[in-house]
Amino acid sequence: MSEQLVLINPKDFEIDDSMASNITSKIVTLKKERDILSQKYLEVMQMDINDPETAKEAKKARLLIRDNRTKGFEAQRVADKKVPLRLGQFIDAVYGSETAENVRMEGALESIEKHAENLEKQRLEELQRERIKLAIPYVHEDFYFPDLSSMDQEVFDAYLQTKKNTFEARIAAEKKAEQERLERDRIQNLHNERFQLLLPMWQFVEDKEANFGILTQEVFEYFLQSKEMQKVEFEKEQEQIRIENQKLREEAEKKEADAKKEREVQEAAMAKERKKAQEAAEKERKEKEALEAQLKKERDEKAAEEAKKQAELEKERLRLENLSKAGDKAILLDWINASFPTPKSPNGLTSDGNGKLLEIAQKFDGFKKWALTQIES
């Protein structure tokens with residue numbers, strides 16, 4: 001077993017020595033092949049890297065070393081891994097340590113093999129950076145550059161000139177736009193200043209949408225003076241109108257005061273008449289109420305008298321009805337008592353008062369007693 005194999009202890013993978021020897025013995029032949037290839041590797045590593053033949057020899061040696069790894073170590077590893085898992089892990093460790101040497105040599109040889117290709121790649125990358133550096137002042141920061149390194153110099157010069165022309169045209173357009181913006185701002189600011197000057201006369205400005213910033217100073221001063229004169233004339237007219245309106249107001253106020261005074265006189269007279277009419281109506285109302293009260297009193301008295309009369313008649317009717325029910329004796333007694341009452345006078349029935357009346361009354365009383373006696377017998 002080689003020195004490299006001794007570093008891997010089969011007991012670490014729970015593999016006995018006999019099984020480990022069976023596996024590692026298969027590697028001896030592959031290692032011998034690689035030792036021969038290692039000599040070729042060392043020869044190539046000593047060759048001139050800039051010589052084109054060196055790259056060819058490096059490629060031949062790399063492919064042989066790769067085949068020793070892939071068709072030798074790797075193929076055998078795959079075959080040996082058909083044993084149980086832990087054995088497979090041991091196999092992976094053993095063959096892995098061996099193929100690492102192949103990979104190292106392959107990488108070094110491939111670097112020599114592709115030395116010229118890498119130099120060309122570095123040249124193109126440097127050319128790409130140089131050309132981007134030339135073109136970047138004429139594009140936006142986030143501009144995505146195409147493959148500039150593959151362009152012929154004439155093509156790249158035309159490409160660069162196009163970018164430069166586009167950039168200069170854009171800068172010129174932006175400069176022009178900025179100048180136009182500044183001019184617009186100047187005109188707007190001048191318009192605002194002149195608008196403030198015109199504000200006291202604004203009602204006399206016909207075109208209120210006009211831009212006063214575009215007028216020359218001479219034209220604007222003439223325009224301003226004309227509006228100031230219009231304002232002065234307008235104020236004179238307004239003062240005259242104010243005076244005339246004041247006069248009309250005073251006359252109207254006088255007429256209003258006179259009319260008010262006249263209304264007050266008329267209203268006082270009308271109030272007096274209304275009071276007089278109210279007093280007459282109140283007197284008439286009271287007289288009417290007194291008359292109605294008197295008539296009501298008379299109606300009430302008449303009604304009471306009629307009611308009393310009806311009550312007496314009803315009482316008499318009931319009395320007669322009761323007499324009729326009581327019989328003839330009661331009827332006769334009632335008739336005698338009602339027909340022969342003892343007459344009365346303020347002075348009484350005395351001989352000193354009225355002797356004739358007393359005599360007649362005594363005779364009536366005597367007849368009444370006789371009649372009563374006859375009724376009772």
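Taking ILE49 and the conditions (1) under 29 Å from LYS11 (Cβ atoms); (2) assigned to a loop (DSSP other than H, G, I, E, B); (3) not acidic (Asp, Glu), which numbered condition does it fall short on, given that it satisfies the others?
Single failed check for ILE49: (1).
Being surrounded by 14 or more Cβ atoms within 10 Å (Cβ to Cβ), under 30 Å from MET47 (Cβ atoms) and of a type in the set (Asp, Glu), is that true of even one residue in segment 112-124? Before the answer, list the steps.
Within segment 112-124, the first condition is being surrounded by 14 or more Cβ atoms within 10 Å (Cβ to Cβ), and the residues that meet it are 112-116, 124.
Among the residues that remain, those that are also under 30 Å from MET47 (Cβ atoms) are: 112-116, 124.
Okay, now just the ones that are also of a type in the set (Asp, Glu), so 113.
Yes, there is a match, as at least one residue in segment 112-124 is surrounded by 14 or more Cβ atoms within 10 Å (Cβ to Cβ), under 30 Å from MET47 (Cβ atoms) and of a type in the set (Asp, Glu).
May I ask you to verify whether GLU206 is loosely packed, with under 10 Cβ neighbours inside 10 Å, outside any helix (DSSP H, G or I) and out of contact with any Asp or Glu (no Cβ under 9 Å at 6 or more places or on another chain)?
Numbers: loosely packed, with under 10 Cβ neighbours inside 10 Å: yes; outside any helix (DSSP H, G or I): yes; out of contact with any Asp or Glu (no Cβ under 9 Å at 6 or more places or on another chain): yes.
It is true that GLU206 is loosely packed, with under 10 Cβ neighbours inside 10 Å, outside any helix (DSSP H, G or I) and out of contact with any Asp or Glu (no Cβ under 9 Å at 6 or more places or on another chain).
Look at GLN188 and say whether it is at pLDDT 90 or above, exposed (fewer than 11 other Cβ atoms within 10 Å of the Cβ) and not hydrophobic (A, V, I, L, M, F, W, C). Before the answer, list the steps.
Working: at pLDDT 90 or above: yes; exposed (fewer than 11 other Cβ atoms within 10 Å of the Cβ): no; not hydrophobic (A, V, I, L, M, F, W, C): yes.
No: the conditions fail for GLN188.
I'm trying to understand the selection: among the residues of segment 209-225, which are surrounded by 10 or more Cβ atoms within 10 Å (Cβ to Cβ) and not in a helix (DSSP H, G or I)? Give the derivation first.
Kept after step one, since they are surrounded by 10 or more Cβ atoms within 10 Å (Cβ to Cβ), are these residues of segment 209-225: 210-215, 219-225.
Of everything in segment 209-225, those that are surrounded by 10 or more Cβ atoms within 10 Å (Cβ to Cβ) and not in a helix (DSSP H, G or I) turn out to be ALA210, ASN211, LEU215.
Can you tell me which residue is modelled with the lowest pLDDT among those in segment 53-80 that are under 15 Å from LYS32 (Cα atoms) and out of contact with any helix residue (DSSP H, G or I) (no Cβ under 6 Å at 6 or more places or on another chain)?
Applying the filter and picking the extreme gives LYS71.
For (1) among the β-branched types (Val, Ile, Thr); (2) modelled with pLDDT of 85 or more; (3) open to solvent by 30 Å² or more (accessible area, probe 1.4 Å), each residue gets a yes or a no:
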site	(1), (2), (3)
ASP16	no, no, yes
ILE27	yes, no, no
ARG34	no, yes, no
TYR41	no, yes, no
VAL44	yes, yes, no
MET47	no, yes, yes
ASP51	no, yes, yes
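Of the residues that make up segment 226-244, is at least one assigned to a helix (DSSP H, G or I), of a type in the set (Phe, Trp, Tyr) and open to solvent by 100 Å² or more (accessible area, probe 1.4 Å)? Give the steps one after another, and end with the answer.
Going through segment 226-244, the residues assigned to a helix (DSSP H, G or I) turn out to be 226-244.
If we keep only those that are of a type in the set (Phe, Trp, Tyr) too, we end up with 234.
Cutting the leftovers down to open to solvent by 100 Å² or more (accessible area, probe 1.4 Å) gives us none.
No, every residue in segment 226-244 fails to be assigned to a helix (DSSP H, G or I), of a type in the set (Phe, Trp, Tyr) and open to solvent by 100 Å² or more (accessible area, probe 1.4 Å).
Just checking, does segment 143-157 include any residue being of a type outside the set (A, V, I, L, M, F, W, C), loosely packed, with under 12 Cβ neighbours inside 10 Å and modelled with pLDDT under 80? Step through it out loud before you land on a result.
Filtering segment 143-157 for residues of a type outside the set (A, V, I, L, M, F, W, C) gives 144, 146-147, 149-150, 152-154, 157.
Within this subset, residues satisfying the condition of being loosely packed, with under 12 Cβ neighbours inside 10 Å are 144, 146-147, 150, 152-154.
Cutting the leftovers down to modelled with pLDDT under 80 gives us 144.
Yes: one or more hits.
For segment 111-134, does any single residue satisfy the condition of being in contact (Cβ under 8 Å) with a residue 40 or more places away in the chain, of a type in the set (D, E, K, R) and under 17 Å from ILE36 (Cα atoms)?
The answer is no, given that none of the residues of segment 111-134 is in contact (Cβ under 8 Å) with a residue 40 or more places away in the chain, of a type in the set (D, E, K, R) and under 17 Å from ILE36 (Cα atoms).
Could we say that GLU273 is open to solvent by 100 Å² or more (accessible area, probe 1.4 Å), assigned to a helix (DSSP H, G or I) and more than 30 Å from GLU193 (Cα to Cα) here? Please lay out each step first, then the result.
Working: open to solvent by 100 Å² or more (accessible area, probe 1.4 Å): yes; assigned to a helix (DSSP H, G or I): yes; more than 30 Å from GLU193 (Cα to Cα): yes.
Yes; evaluated as a whole, the condition is true for this residue.
Select, from SER351, SER345, the only residue that is exposed (fewer than 10 other Cβ atoms within 10 Å of the Cβ) and modelled with pLDDT under 90.
Values: SER345 fails: exposed (fewer than 10 other Cβ atoms within 10 Å of the Cβ).
Only one candidate passes the filter, namely SER351.
Looking for whichever is free of Cβ contacts under 8 Å to residues at least 60 places away in the same chain and among the polar types (S, T, N, Q) here; the options are THR70, THR24. Which one fits? First the steps, then the outcome.
Values: THR24 fails: free of Cβ contacts under 8 Å to residues at least 60 places away in the same chain.
After applying the criteria, what remains is THR70.
The values are calculated or read from the model by the stated rules, or taken from the named source; none is laboratory data. Quick caveat: nothing in here was measured; it's all calculated off a predicted structure. Quick reminder, even Gly has a Cβ in these numbers, built from the backbone with ideal geometry, and neighbours come from all protein chains shown. Note: accessible area is taken over every heavy atom of the protein model, side chains too, but ligands, DNA and RNA are not part of it. Shrake-Rupley method; radii C 1.70, N 1.55, O 1.52, S 1.80 Å.
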